[in-house]
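*Asks:* Pasting a structure below so you can have a look.
The values are calculated or read from the model by the stated rules, or taken from the named source; none is laboratory data. Owing to the predicted nature of the structure, the values given are computational and were not obtained by experimental measurement. Neighbour counts are summed over all protein chains in view; Cβ atoms, including those assigned to glycine, are modelled from backbone coordinates with ideal geometry. Accessible surface areas use protein heavy atoms only, side chains included; no ligands, DNA or RNA. Shrake-Rupley method; radii C 1.70, N 1.55, O 1.52, S 1.80 Å.
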Amino acid sequence: MHHRLAPSSARGLLYVAVAGIAWGTGGPTGALLFQHSGLNSTAISFWRLLGGAVWLAAACRLLGRNRIGHHFTAAPLRYLLSGVGLAVCQLGYFAAIPRVGIAVATVVSLGVGPLFIALGARERITGALLLAVLGLALLVWGNGGSGSASIPGIAFSLVSGAGYALSTLLNRNQQDPVTSAMLGFTAGALILLPLAITAGITPSSSSWPLIAYFGLVPTALAYTTFYLGLKAIRASTAAVVALVEPLLAALIGVLAFNEHLTPLSLVGAAVLLIAVVLQARRE
């Protein structure tokens, strides 16, 4: 017997896969910005969300979606909390890195996201979901990642995953994902602004193209297509499929930055891919 996806589910999975691919370019872009922009992580996160809001505001204008104020006043708490989730996701992750290292911060924050989403959406935690977390851990740690078991660092990573889950759950079944994402980005940027100002917010002139790309592809495009996918498939499935993000980031590292994947990382990548396919088949 062949498992056949409904057209809406297939479209939803495609949207989420595109989001994961777009997110996968965010890590390398952020790394380049750290090197060349003269900004710290909070300021880069601010420009990322502000850039995403600007790109989507332009999209709303082109699409003739001019009732942005009406959308906000209809559910202001939803958009403010979505902004909180986006800001917390960024702040928690970057606060965890100096305490536990990139590997632990990545595995915990990305790994608990689908778990929190499944719990918040009251969806079943499947074997495929747990397999995806295992594959993620093997992919990251197998590539030489290390870190400590700092309780504050783990806590910041958990907070980052919770912020991602919050923004995901608040944007399920939105009729206008473009406007919803734009309002969430705007709220998140405003939340980050006071913190960004204290450390310096003006990037080097040569980094503006990277900032524009960061706002467009890994932010505006990624979140909009992710929210579009949430209209058609389960939130927990979307979160697992979106884990193609670290797979693409690893591939970019190999092709563009001369990084090398260990056998354990390759096993992790294979396990993660299998988990994504298994979870997708549930739709």
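*Asks:* If you look at just the Cα atoms of the stretch 1-159, how large are its Rg and its Dmax in Å?
*Replies:* Taking only Cα atoms of the stretch 1-159, I get Rg and Dmax of 18.4, 57 Å.
*Asks:* Hey, can you find the accessible area per residue of the stretch 44-120 for me, probe 1.4 Å, expressed in square angstrom?
*Replies:* Result: 45 Å² of accessible area for each residue.
*Asks:* Give me the 1.4 Å probe accessible area per residue for the stretch 239-283, excluding ligands and nucleic acids, in Å².
*Replies:* On a per-residue basis, the stretch 239-283 sits at 50 Å².
*Asks:* Counting only protein heavy atoms, what percent of the accessible surface of the stretch 1-75 is carbon or sulfur at a 1.4 Å probe?
*Replies:* 63
*Asks:* What list of ³J(HN,Hα) values in whole Hz, one per residue of the stretch 153-158 in order, does the Karplus curve 6.51 cos²θ - 1.76 cosθ + 1.60 (θ = phi - 60°) give from phi, with Gly and Pro shown as x?
*Replies:* Values, residue by residue: x, 4, 4, 5, 5, 5 Hz.
*Asks:* Normalise the Cα radius of gyration of the stretch 53-96 by 2.2 N^0.38 Å (N = residues in it) and let me know the number.
*Replies:* Compactness ratio reported: 1.46.
*Asks:* P(r) for the chain, please, calculated from all Cα pair distances in 10 Å bins and given in %.
*Replies:* Distribution as computed: 7, 29, 38, 21, 4, 0, 0 percent.
*Asks:* Right, here's the next one. Take every Cα pair under 8 Å in the stretch 222-283 that's 6+ residues apart, average their separations, divide by the length, and report that relative contact order as a whole percent.
*Replies:* Over the stretch 222-283, the number comes to 45 percent.
*Asks:* Taking every pair of alpha-carbon atoms in the stretch 130-283, give the share separated by more than 28 Å as a whole percent.
*Replies:* In whole percent, the long-distance tail amounts to 33.
*Asks:* Here's a follow-up. Within the accessible area of the stretch 137-229, what % is carbon and sulfur when the probe is 1.4 Å and the other protein chains stay in place?
*Replies:* 73
*Asks:* For the chain, give the magnitude of the charge dipole about the Cα centre (Cβ charges: +1 Lys/Arg, -1 Asp/Glu; no others), in debye to the nearest 20.
*Replies:* 740
*Asks:* Quick one: net charge of Ile252's neighbours, Cβ under 14 Å, K/R +1, D/E -1?
*Replies:* Summing Lys/Arg as +1 and Asp/Glu as -1 gives -2.
*Asks:* So how long is each side of the stretch 188-275 along the principal axes, counting just the alpha-carbon atoms, biggest first, in Å?
*Replies:* Computed over the stretch 188-275, the largest-to-smallest principal extents equal 43, 38, 21 Å.
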